Amino acid sequence: MSNPAQTLEFQAETRQLLQLVIHSIYSNKDIFLRELISNASDALDKLRLESLTDADLEVDTSDLHITLELDRDARTLTVRDNGIGMTRDDVVDLIGTIAKSGTASLLAKIKEAKDADAAQSLIGQFGVGFYSAFMVADKVTLHTRRAGTEQGTVWESDGEGTYTIAEADGLPVGTSVTLHLKPADGEDGVGDYLAAWKVRQIVKQYSDFIRWPIRMAATTVGADAEPGAADGASGEPQTLNSMKALWARPRSEVTEAEYSEFYQQISHDWQAPVETIHMRAEGTFEYEALLFIPAHAPFDLFSRDAKRGVQLYVKRVFIMDDCDALMPNYLRFVKGVVDAHDLSLNVSREILQHDRQITAVRRRLVKKVLAALKDMQTKNGETYAKVWEQFGRVLKEGLIEDRDNTDALLGLVSVASTADAEKPTTLHEYVARMKDGQDAIYYLTGENRQMVENSPHMEAFAAKGYEVLILTDPVDEVWTDQVPAFDGHRFQSIAKGQVDLDDDADGEGADGTEKAQREQDFADLVAWLQTSLAAHVKQVRLSSRLTTSAACLVGDAQDLTPTLEKMYRAMGQELPPVKRILELNPTHPLIIALRRAHGANADDPALAELAELVHGSALLAEGGDLPDPARFTRLLTDRLTHAL
């Protein structure tokens with residue numbers, strides 16, 4: 001050293017920050033190495049840029065790299081780079097003070113925070129970087145010399161409030177940070193950072209895609225080869241990181257095999273993805289993204305505890321594994337990586353969820369994924385059919401969650417219909433086949449196709465050739481009520497509201513004379529049934545949707561369906577009973593005989609039992625649950641006995 005060391009005090013806010021870093025901020029102390037490597041990578045980037053813009057700067061940029069050195073005897077870990085380096089003033093400004101970082105005001109907010117969790121969410125708003133070294137070190141020594149200068153600087157501190165700084169001669173360009181490590185302490189989360197396998201593990205997890213090589217000798221200085229070290233004891237440095245950030249390379253330079261290998265690495269899926277989305281955005285907020293659509297659904301796709309979201313990197317540094325702020329819940333099957341250039345390394349989940357730039361990135365990623373699915377549907381229908389089979393239920397959740405992309409999602413819908421027993425249909429195809437004058441898209445929900453096709457509600461639609469969508473996913477009960485229309489055509493459940501498919505071809509006359517006569521003929525029976533079944537139904541009326549069944553139950557247009565009612569009750573939500581409408585087929589022999597019997601003797605007690613049987617039969621026909629199965633069985637047995 002050319003001059004004696006000078007002892008200085010940290011700025012007051014810096015001392016507070018050091019204590020927070022050491023004792024409060026991180027639950028995972030391995031982060032310190034990620035931070036130091038990231039700083040070193042930035043220094044290399046800056047030197048390369050300055051060498052291109054400053055013709056007078058004489059530096060060697062032929063082998064820019066980061067070196068990690070372990071010394072078991074001295075208990076030190078050193079992170080060294082040959083990057084831009086720092087002057088003495090740089091060291092004081094960047095390490096000794098935080099006046100320009102906005103942390104002083106942030107620390108005031110932390111003091112006001114009422115609990116530790118609030119403090120941790122606030123601290124995530126800035127990068128602590130270098131200070132994280134004190135989580136695992138009793139003392140930190142820094143040697144640095146800036147490119148283009150002759151004088152070096154040595155800085156040292158134990159993180160307790162003061163630091164020493166001195167000029168030094170003969171230092172190479174760049175920076176080395178030496179950590180005098182604390183003993184390993186499992187309870188405090190301090191690992192054995194002198195173990196080569198541990199260092200390799202941390203580099204692989206957080207810094208594998210850093211663009212500069214991260215090197216470490218195969219053997220440690222002053223000790224035998226580490227367990228897990230590469231063969232040989234030559235001490236030749238080995239590169240620990242792959243540096244293969246596929247998302248940062250042009251798509252034309254990446255092979256399908258490389259995409260598939262990377263997908264399998266991040267997803268732990270042995271099959272290749274069916275679609276790869278590689279994109280780059282430049283402007284006010286730069287980022288790259290590499291997304292994959294899997295070939296099959298994971299086993300925990302519908303598990304509440306399943307992790308979702310894509311991996312988030314910042315300048316190739318790994319931040320988090322399941323960043324749900326970047327991908328909506330209904331696209332939770334999408335795997336991949338987003339590498340943002342302008343985020344802090346210590347950004348928290350809470351901040352991501354409220355960041356306007358992240359929200360804009362999310363919107364663009366969603367549109368890219370939906371566009372890729374649409375393109376697959378158009379150009380490769382067979383592959384899309386398999387994707388929809390795996391993820392269709394999840395995508396339909398988007399019709400409830402994502403109003404901004406309703407039209408795009410409706411365009412992807414592929415469901416069963418009465419038009420084809422095997423092949424599903426899109427909504428575009430359904431609309432193209434609609435009858436002249438038909439203004440609604442008809443559908444019916446149920447547990448399975450057989451139950452829906454055999455439903456009494458289908459009878460008139462089948463007889464008159466109207467196509468009906470067959471919806472059997474639980475989510476169909478919800479989205480069909482919330483999505484108003486497709487291509488100008490409203491969605492209409494054939495089990496709700498009034499349905500009138502009569503036309504002149506039936507020979508009933510445009511004035512509805514025959515219909516009016518029926519209403520008059522059955523008025524007394526309808527009124528009596530409405531009184532007799534008042535505990536079970538809200539209304540009794542004649543039906544135009546039945547051809548072979550005696551009766552069916554329908555809901556008002558705004559009523560919950562029985563299936564949806566069951567779903568809410570299963571979730572613990574108590575609902576008042578939803579009474580439905582009993583529709584009678586005026587051409588059915590049973591209803592005609594019932595009208596005749598009621599007209600002959602309205603006080604016959606057996607008629608009330610017949611009314612219960614009609615209602616119960618209609619309930620069973622749609623797959624409903626009888627309120628009293630034992631009573632229904634007894635009444636049915638009695639009637640059969642009398643009939644014999």
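From largest accessible area down, sort ASP521, ASP89, ASP269; use a 1.4 Å probe on the protein chains.
Ranked list, largest accessible area first: ASP89, ASP521, ASP269.
Under a Cβ-only charge scheme (Lys and Arg +1, Asp and Glu -1), can you give me the dipole magnitude of region 309-463 about the Cα centre, in debye to the nearest 20?
The calculated dipole for region 309-463 is roughly 600 debye.
What lysines could a cross-link reach from LYS423, if we take a straight Cα to Cα line under 25 Å and drop same-chain neighbours fewer than 8 places away?
Once the sequence-local lysines are set aside, what remains near LYS423 is LYS374, LYS379, LYS386, LYS396, LYS435, LYS464.
In whole Hz, what ³J(HN,Hα) sequence does region 272-281 give by Karplus (6.51, -1.76, 1.60; θ = phi - 60°), x for Gly and Pro?
Ordered by residue, 3J(HN,Hα) equals 6, x, 8, 8, 10, 10, 10, 9, 9, 10 Hz.
Report the charge-dipole magnitude of region 417-482 in Debye, nearest 20, computed about the Cα centre from +1 at each Lys and Arg Cβ and -1 at each Asp and Glu Cβ.
220 debye
Determine which residues of region 568-583 fall in the zone a paramagnetic label at ALA534 would reach in this model, i.e. backbone nitrogen under 17 Å from the point 7 Å along Cα→Cβ.
The answer is 579-582, whose backbone nitrogens lie closer than 17 Å to the label point.
Dipole of the chain (Lys/Arg Cβ +1, Asp/Glu Cβ -1, origin at the Cα centre): which of ALA606, GLN573, TYR287 lies farthest to the positive side?
Farthest towards the positive pole: ALA606.
When the helices in the chain are scored as -39500 (n - 2.57) per DSSP H run of 4 or longer and the sum is shared across all residues, what 222 nm value do you end up with, to the nearest 500 deg cm²/dmol?
-11000 deg cm²/dmol
Please state the charge dipole magnitude for the chain, taken about the Cα centre, from unit charges on C-beta atoms (+1 on K and R, -1 on D and E), reported in debye and rounded to the nearest 20.
In total the dipole reaches around 320 debye.
Quick one: which residues, 5 or more positions from ALA168 or on another chain, have an amide H under 5 Å from its amide H? H modelled 1.01 Å from N in the peptide plane, none for Pro or chain starts.
The answer is SER2, GLY152, THR153, VAL154.
From the phi of every residue in region 314-323, what ³J(HN,Hα) in whole Hz does the Karplus formula 6.51 cos²θ - 1.76 cosθ + 1.60 yield, where θ is phi - 60° and glycine or proline is x?
Those phi angles translate into 10, 6, 6, 9, 5, 10, 8, 8, 9, 7 Hz.
Of LEU33, ALA421, ILE277, which is farthest on the positive side of the dipole of the chain, counting Cα position, with +1 on Lys and Arg Cβ, -1 on Asp and Glu Cβ, and the Cα centre as origin?
ALA421
Local charge sum around LYS46 (other residues, Cβ-Cβ under 12 Å, Lys/Arg +1, Asp/Glu -1)?
-4
In terms of Cα to Cα distance under 30 Å, which lysines are near enough to LYS139, apart from those fewer than 8 places away along the same chain?
Qualifying lysines at Cα under 30 Å: LYS29, LYS46, LYS100, LYS109, LYS111, LYS182, LYS198, LYS204, LYS315.
Which ³J(HN,Hα) values in Hz, rounded to whole numbers, follow from the phi angles of region 571-582 under the Karplus curve 6.51 cos²θ - 1.76 cosθ + 1.60, where θ = phi - 60° and Gly and Pro get x?
8, x, 8, 7, 10, x, x, 9, 7, 10, 9, 8
Give the shape of region 459-607 as rounded, prolate or oblate, defined through the alpha-carbon gyration tensor: a ≥ b ≥ c are the square roots of its eigenvalues, a/c under 1.5 means rounded, and otherwise the shape is prolate if a/b is larger than b/c and oblate if not.
Oblate, since a/c reaches 1.5 and b/c is not below a/b.
With every protein chain kept in place and ligands, DNA and RNA left out, what is the accessible area per residue of the chain? Probe 1.4 Å, answer in Å².
Per residue, the chain has 49 Å² of solvent-accessible surface.
Which one of ALA340, SER303, GLN357 has its Cα pushed farthest toward the positive end of the charge dipole of region 297-396, where Lys and Arg give +1 and Asp and Glu give -1 at the Cβ?
Checked the options; the winner is GLN357.
Return the long-range amide H neighbours of LEU542 (sequence gap of 5 or more, or a different chain), with a cut-off of under 5 Å between placed amide H atoms.
LEU584
Can you list residues whose amide H is under 5 Å from GLN238's amide H, if they're 5+ apart or on another chain and H is modeled 1.01 Å from N?
MET216, ALA217, ALA218
Whole angstrom only: what separates the Cα centroid of region 589-608 from the Cα centroid of region 562-576?
Between the Cα centres of region 589-608 and region 562-576 lies a distance of 36 Å.
Near LYS538, which aspartates and glutamates are there with a Cα under 16 Å away, not counting those fewer than 8 places off in the same chain?
By straight Cα distance, LYS538 reaches ASP556, ASP559, GLU583, GLU612.
The values are calculated or read from the model by the stated rules, or taken from the named source; none is laboratory data. What you are looking at is a predicted structure, and each value in this text was computed from that prediction instead of being measured. Here Cβ is always computed from backbone atoms with ideal geometry, including for glycine, and neighbour counts include all displayed protein chains. In case anyone asks, the SASA skips ligands and DNA or RNA and just uses the protein heavy atoms, side chains included. Shrake-Rupley method; radii C 1.70, N 1.55, O 1.52, S 1.80 Å.
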